[in-house]
């Protein structure tokens, strides 16, 4: 790589690159980062994207020359203005950083791909890398790089089962219903369980978002988990303050949910700050409902949320996204889910952009130590279809994604978008030989949902315990 | 397709019968662990319809024919055809900011009309293609007939601006239209983002004192208006409630919503969770 970092004549730090007769200059580190980002509609909407393919490629050259140390001295959003920046800087561990502290971004890519970067060494540097370093290296990595390095990152979490073990792929059973109808939700839960789904969490997005409704749904899922002794956990994806209130009312809360973003202003627009999350984590821990672990938080993220909240501080959407992972890792979550294609084509235009973003988010989350899953999804106004989802699903399966969604026939009739189906997860089990969480797999065998020692073959007969439930449903007095 | 006649190839699910309780695609059965052909092709058809709803341009000629008798019956001025700053669908999808503002000639057209009328109106009704032209072509005429009839029967008189039809528009474009037409209230009727099972869903947004720059906090929304969703009489009842409340209290949005407990909203009865044995019976 050629030398491309210069001081300008005024002494102001600047990022410049001379290519033939043309000199490219970038106003600051954030500008280099944004322009080095593989093209996507959200960065054009924000007005931060490169203006030409050449400018993007040049920005990548410049970014590759930036020393990792620079990210510790040049905050992209000022320390004084943003509690996420403060979190990142205050929690940074210089000892963990020391083995890679001499590297540039370009060197860091080489190191990550090298044989020196084993699962153990990747774990040991985790506390020494910041989201900005990870976002930067991600921008100069190809899709196969993102897959290979993510595969080396092993992150295990636990509540009532153990998630993220090598060779495992878990699923969130998502039994949403447009009116939160109890029978409708129960029907989707039954469908999912009988297709072997639900070890990551049984998680409902409520149609009516208030505390009373959340408590109803929590009780519904808790009763099913207890009745069938399912080694899994439940979650109602309501606002963190609603969950806190539900806990105060004595509701059976397993996991606390919150959508999070990578800037303080994004999180304010979501109606919480870091202390809210700390309070909620403490409250959930006090219930002591986990049996094999105490990871009690479930976070969702997605590129574009900061721009959507007009809270991106001129950063590109991928960098904002990775900063959200600093928020997530502070609270030792059981699950982090990037909802990659939900936000719409003004942020990720088509299948190609969605696939790239899904791989980026998974890689960046894993490198920072998060149990990263992905809602592999699209809306009907995006240029994407089931084949794009199959591609991303397969790629993330190879990359070792912790969990994906599971929904009847890919069709979320409440949120009006398409995500992965129960069948999709089974495809991946067959294609890649991946298993659900061990406790859950044993339960599936015990309940005769899958045949034992069969490499995930579903039973053709309806398991006896569920035959009774179906009979009850058919008695007609629901 | 012969899926049903080859049970040894396709495993059907007994619990398919539960589909009477939900629109979710449960009990689809499987070929190996994969979707049976029928279920796969049904999905593809639904997705194709949803995509067509997004990309099929609104047929403004046909719509104008539909609106003509309405305008005559309810004594409205001629309908005005206008356009956002998003020149085509691809731009529209990537630049929501362009879809929120009128192009220059449309704004001029409205200014010209207003200078002829020279007075404020109670209500401007703005028809916007949004993300589903099908929602407009299928719902606008019958819905507006019921809505305008209900307004005519109201005790207060409602003066109504000429109807406007906006191409490549987003919800917020109604604010600019309403402001230019000197309307005290604007009602935006827009094609919603199509769901797989609802490619034809109409959304209604109400704003008191519309002006450029307002956010969602100033709007009230009624969603999922269509024959298989929120049916027209129910949607009209809700719309009239919002219109009258907004007019009498001179506000809209969060403040209006928070204080209103609309009794017709979400009257869904609670069903039973059949996964749990009845309390009166011993557990199995």
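Quickly estimate the mean residue ellipticity at 222 nm for chain A, helices only: each DSSP H run with n ≥ 4 gives -39500 (n - 2.57), and the total goes over all residues, rounded to 500.
It comes out at -13000 deg cm²/dmol, rounded to the nearest 500.
For a footprinting-style exposure proxy, rank A:331, A:159 by other Cβ within 10 Å, fewest first.
Ranked by crowding around the Cβ, least crowded first: A:331, A:159.
Could you calculate, for segment A:5-152, the ratio of the Cα radius of gyration to the Kirkwood radius, expressed as Rg to Rh?
Result: Rg/Rh = 0.97.
Could you work out how far the C-alpha centroid of segment A:270-334 sits from that of segment A:68-88, in angstrom?
So the separation of the two Cα centres works out to 18 Å.
With contacts defined as alpha carbon pairs under 8 Å and 6 or more residues apart, what's the relative contact order of chain A in percent?
17 percent
Determine the calculated [θ] at 222 nm for chain B from helices alone, applying -39500 (n - 2.57) to every DSSP H run no shorter than 4 residues and normalising by the residue count; nearest 500 deg cm²/dmol.
Here the helix-only value at 222 nm equals -12000 deg cm²/dmol.
Rounded to the nearest Å, what's the spacing between the alpha carbon centres of segment B:164-199 and segment A:90-156? Just the number, please.
If we compute the Cα centre of each part, the gap is 48 Å.
Sort A:120-131, B:157-168 by the packing proxy (mean of other Cβ within 10 Å over each peptide's residues), most packed first.
In descending order of packing, they fall as B:157-168, A:120-131.
Spin-label point model (7 Å from Cα, Cβ direction): what's the residue A:14 to residue B:240 distance in nm?
Rounded to a tenth, the inter-label distance reads 6.8 nm.
What would the Debye equation give as log₁₀ I(q)/I(0) for segment B:3-54 at q = 0.16, 0.19 Å⁻¹, counting only Cα atoms as equal point scatterers?
-0.54, -0.71
Select from B:73, B:11, B:22 the residue whose mean-square fluctuation is largest in a Gaussian network model of chain B (Cα-Cα springs shorter than 10 Å).
B:22
Note down the Stokes-Einstein diffusion coefficient of segment A:139-184 in µm²/s, whole number, using a Kirkwood radius over alpha carbon pairs, 20 °C, and 1.002 mPa s.
Diffusion coefficient, whole number: 152 µm²/s.
For A:313, A:177, what's the fewest-to-most ordering of other Cβ within 10 Å of each Cβ?
Ranking A:313, A:177 by Cβ neighbours within 10 Å, fewest first, gives A:313, A:177.
Can you give the FRET efficiency for residue B:231 and residue A:390, using 1/(1 + (r/R0)^6), R0 = 35 Å, r = Cβ-Cβ distance, to the nearest 0.05?
0.40
If I fit a long axis through the Cα atoms of helix A:422-432 and take the longest principal axis of the Cα atoms of chain A, what angle between them do I get, 0 to 90°, rounded to 10?
The answer is roughly 60 degrees.
Taking each residue of A:466-473 in turn, how many C-beta atoms of other protein chains fall within 10 Å of its C-beta, and what is the average?
Shielding by partners across A:466-473 averages 6.
Please express the Cα-Cα pair-distance distribution P(r) of segment A:157-446 as a list of whole percents, one per 10 Å bin, running from 0 to the bin with the greatest distance.
Whole-percent P(r) values from 0 Å outward: 7, 31, 40, 20, 2, 0.
Whole percent per 10 Å bin, from 0 to the bin with the longest distance: what is P(r) over all C-alpha pairs of the protein assembly as shown?
Values per bin, smallest distances first: 3, 13, 22, 24, 20, 13, 5, 1, 0.
Bin all alpha-carbon pair distances of segment B:115-204 at 5 Å intervals from 0 and give each bin's fraction as a whole percent.
Spelled out per bin, shortest first, that is 3, 15, 23, 22, 18, 12, 5, 2, 1, 0.
Before anything else, pin down the relative contact order of segment A:60-149: Cα pairs under 8 Å, at least 6 apart, normalised by residue count, whole percent.
39 percent
Any chance you could check the Cα centroid distance between segment A:430-478 and segment A:181-254 for me, in angstrom?
The distance from the Cα centre of segment A:430-478 to that of segment A:181-254 comes to 20 Å.
Given labels modelled 7 Å from the Cα in the Cβ direction, how far is it in nm from residue A:116 to residue B:91?
A separation of 5.2 nm, rounded to one decimal place.
Sticking with the crude label model, points 7 Å out along Cα→Cβ, report the distance from residue A:126 to residue A:457 in nm, one decimal please.
With each label point 7 Å from Cα toward Cβ, the separation is 3.8 nm.
Quick one: if you take sqrt(5λ) for each eigenvalue of the C-alpha gyration tensor of segment B:17-96, what semi-axes come out, biggest first, whole angstrom?
41, 20, 11
Note the angle between two axes, namely the Cα long axis of helix A:182-194 and the longest principal axis of the Cα atoms of chain A, as a number of degrees from 0 to 90, rounded to the nearest 10.
Between helix and principal axis, roughly 80 degrees.
For each of A:343, A:140, count neighbouring Cβ atoms within 10 Å of the residue's Cβ, then give the residues from fewest to most.
Ordered by Cβ neighbours within 10 Å, fewest first: A:140, A:343.
Can you give the FRET efficiency for residue B:65 and residue B:149, using 1/(1 + (r/R0)^6), R0 = 25 Å, r = Cβ-Cβ distance, to the nearest 0.05?
After rounding to 0.05, the efficiency reads 0.80.
Given contacts defined as C-alpha pairs under 8 Å and at least six residues apart, what's the relative contact order of chain B, whole-number percent?
16 percent
Treating the angle as unsigned and between 0 and 90°, give the value, to the nearest 10°, between the Cα long axis of helix A:351-367 and the longest Cα principal axis of chain A.
90 degrees
Compute the semi-axes of the equivalent ellipsoid of segment B:57-259, taking the square root of 5 times each eigenvalue of the Cα gyration tensor, and list them largest first in whole Å.
After scaling each eigenvalue by five and taking roots: 22, 20, 18 Å.
On average, how many beta carbons from a partner chain sit within 10 Å of the beta carbon of a residue in A:416-423?
5
Take each of the peptides B:26-34, A:258-266, B:120-128, average the number of other beta-carbon atoms within 10 Å over its residues, and list them starting from the highest.
Highest mean packing first, the order is A:258-266, B:120-128, B:26-34.
Which three numbers, in whole Å and largest first, are the semi-axes of the equivalent ellipsoid of segment A:391-478 derived from its Cα gyration tensor as √(5λ)?
26, 20, 10
Values in this text are rule-based calculations from the coordinates and carry no lab data. Everything numeric in this text was worked out from a predicted model, so none of it was measured. Note that we place each Cβ from the backbone using ideal geometry, even for glycine, and neighbour counts take in every protein chain shown.
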